[in-house]
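J.: I have a structure here, written as structure tokens, and I will follow up with some questions on it.
What follows is calculated from the coordinates using simple rules that are stated; it is not laboratory data. Values in this document were obtained by computation on a predicted structure and should not be read as measured data. Every residue, glycine among them, receives a Cβ derived from its backbone with ideal geometry; neighbour counts consider all protein chains shown.
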């Protein structure tokens with residue numbers, strides 16, 4: 001059976017723009033959630049977000065910036081980091097065995113927002129001719145394929161909050177089953193626009209701003225939790241067939257060993273214990289591991305009342321009612337990156353093995369008696385032997401995706 | 001500002017063209033534009049000069065063709081010559 005190595009990582013995130021800074025900030029437990037800086041802030045009821053410190057002019061010539069939505073800009077920079085981090089070289093004969101699998105929820109949200117604004121509000125009869133190619137959901141993946149001459153499958157997965165977990169899981173299978181040797185996989189999302197923030201606000205899933213400290217607004221598994229904070233960013237990994245990676249002496253961050261995906265077929269937003277626990281079981285089965293082999297779970301942990309309760313119950317069904325495995329929600333700090341969330345959180349989990357440290361769930365001050373796992377409250381833990389990790393992603397629509405990685 | 005200068009400024013702002021190559025007799029094809037670039041170029045010209053360039057009946061080979069088309073359309077569509085315009089003297 002072919003095995004799959006993670007040999008490179010790249011990140012643009014609210015908690016840092018390199019994997020090192022990202023993890024250091026996660027362990028420090030200080031959230032990146034702030035009052036938003038957009039000029040439309042007064043029109044919002046929820047005025048907080050986790051913005052990435054990302055200035056495209058530092059990465060692209062001014063003439064290229066206008067041809068790429070922010071979603072693609074971030075994806076390209078994260079892919080570039082991952083590519084150079086892996087030190088990979090793709091020979092001409094290998095290009096068709098190398099692919100791109102990316103996830104995004106909404107695609108070019110900022111371009112959609114400005115285009116609709118000019119058409120409906122300003123009554124402009126003509127829109128920018130690049131609108132379509134900036135907005136389309138597969139723009140990030142396609143630009144990565146163009147950039148690195150990757151001529152195998154170039155696919156985009158849009159499964160709301162599970163988009164990039166699915167992208168990585170499917171990429172893992174593509175290599176495992178012999179259809180590719182290298183896949184650039186991950187996710188990207190940048191929808192901190194007025195229209196999308198209003199939409200999320202209206203759905204009632206965004207956290208209320210904390211009276212004392214806006215940074216402490218997202219409180220997963222806490223009694224006073226009120227939802228998530230929208231984030232933005234991109235996270236990309238290089239997946240490579242294990243023997244290929246070993247033969248070239250690549251640094252192997254982790255081996256991906258399991259992926260489980262299920263659909264609740266229950267409700268468009270409400271999760272189910274059955275769907276989530278089945279996805280975790282499928283991932284364990286594929287990894288040929290027992291529940292007790294898992295050393296850390298990076299939870300979906302959105303801090304909505306429903307998610308945290310259902311995810312806790314699902315974990316208990318798989319890992320036992322007395323489960324003491326550390327489970328943390330790093331969304332408490334970097335916000336919810338929607339289409340990039342699964343990839344960013346898998347990276348957080350892989351880095352916890354590399355750094356022998358587990359990032360905390362921030363802002364967990366008032367335990368909820370119904371959420372009684374070890375959520376690593378408020379303080380990161382260092383000096384731990386973390387060898388196998390699980391990352392959960394559960395999407396609106398009822399799709400669940402779970403990934404397992406281990407040290408090699 | 002002359003029509004040429006305004007075209008030059010627009011091209012430099014939006015495309016990677018060498019400034020010293022933007023001359024009236026430069027063949028547009030020499031910039032290596034693809035079909036999408038050409039659509040964009042026309043879009044930005046329309047924006048800059050507040051005109052509508054019809055898809056048919058326009059043949060743009062060199063920069064001078066762009067100047068001629070724009071100046072003709074401004075008169076046709078606005079009934080006036082370009083304000084503050086000092087026509088470029090073409091060799």
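J.: Under the Kirkwood approximation applied to all pairs of distinct alpha-carbon atoms, what is the hydrodynamic radius of region A:254-317 in Å?
T.: The Cα-based Kirkwood calculation yields 12.5 Å.
J.: Taking only DSSP H segments of four or more residues, each worth -39500 (n - 2.57), what value at 222 nm results for chain A once the sum is divided by all its residues, to the nearest 500 deg cm²/dmol?
T.: -9500 deg cm²/dmol
J.: How big is region B:3-78 along each principal axis, measuring the range of its Cα positions in Å and listing the largest first?
T.: 32, 24, 20
J.: I've got another one for you. Going by how many other beta carbons lie within 10 Å of each one, how would you line up A:222, B:2, A:202, fewest first?
T.: A:202, B:2, A:222
J.: Which ordering of A:115, A:306, A:197 is given by a fewest-first count of other beta-carbon atoms within 10 Å?
T.: Lowest count first: A:306, A:115, A:197.
J.: Something else now. From the P(r) of region A:259-406, can you give the percent of Cα pairs sitting at distances over 26 Å?
T.: Cα-Cα pairs of region A:259-406 separated by over 26 Å account for 14 percent.
J.: Going by average Cβ density within 10 Å per residue, which order do the peptides B:11-22, A:348-359 take, highest to lowest?
T.: A:348-359, B:11-22
J.: Does anything in region A:150-166 have its amide N under 18 Å from the 7 Å Cα→Cβ label point of residue A:92, and if so which residues?
T.: Inside the label zone: A:150-152.
J.: Which order results if A:15, B:38 are arranged by neighbouring Cβ count within 10 Å, fewest first?
T.: Starting with the residue having the fewest Cβ neighbours, the order is B:38, A:15.
J.: Please compute the Kirkwood hydrodynamic radius of region A:4-247 from all pairs of different C-alpha atoms, in Å with one decimal.
T.: In region A:4-247 this quantity evaluates to 18.9 Å.
J.: Can you work out the base-10 log of I(q)/I(0) for the protein assembly as shown at q = 0.06, 0.07, 0.11, 0.12 1/Å, using the Debye formula on its C-alpha atoms alone?
T.: Evaluating at q = 0.06, 0.07, 0.11, 0.12 Å⁻¹ gives log10 I(q)/I(0) of -0.32, -0.42, -0.88, -1.00.
J.: How many Cβ atoms of partner chains, on average, are near each residue of A:125-133 if near means within 10 Å of its Cβ?
T.: Other-chain Cβ atoms within 10 Å of each residue's Cβ, averaged: 3.
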